[in-house]
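Asker: I have a structure here, written as structure tokens, and I will follow up with some questions on it.
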Ligand SMILES: [Zn+2]
Ligand SMILES: [Zn+2]
């Protein structure tokens, strides 16, 4: 099992899973990134002021996120 934990924005790599969606796929930007302009909506984003695109991602139920990766079989976030 190997998850990709390297941020696409600043190349920072998480030392271990943190229980958020970036455990499952690399984040475009992380808390270490400087403010950036969102490619989708054009709003200025930062780690403390995310644009509406990220709010929508955060609202995705965890079950849906797990379902996205269930067919992959390379990564499991089940605690058991
Ligand atoms: Zn980053
Ligand atoms: Zn956006």
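Asker: Report whether or not residue 32 is in contact (Cβ under 8 Å) with a residue 24 or more places away in the chain and under 22 Å from residue 61 (Cα atoms).
Answerer: Here the answer is no, as residue 32 does not meet what is asked.
Asker: What number of residues in the range 19-33 are part of a loop (DSSP other than H, G, I, E, B), out of contact with any helix residue (DSSP H, G or I) (no Cβ under 6 Å at 6 or more places or on another chain) and more than 16 Å from ligand 2 (Cβ to nearest atom)?
Answerer: So the count comes out to 6.
Asker: Okay, moving on. In this structure, is residue 45 at pLDDT 80 or above and either away from ligand 1 (no atom under 16 Å from the Cβ) or part of a loop (DSSP other than H, G, I, E, B) (or both)?
Answerer: no
Asker: Inspect all residues belonging to the range 50-65 and state whether any of them is modelled with pLDDT of 65 or more and within 15 Å of ligand 1 (Cβ to nearest atom).
Answerer: For the range 50-65, residues modelled with pLDDT of 65 or more and within 15 Å of ligand 1 (Cβ to nearest atom): present.
The values are calculated or read from the model by the stated rules, or taken from the named source; none is laboratory data. Because the structure is predicted, anything quoted here is derived from the model rather than measured. Glycine also receives a Cβ, built like all others from the backbone with ideal geometry; neighbour counts cover every protein chain displayed.
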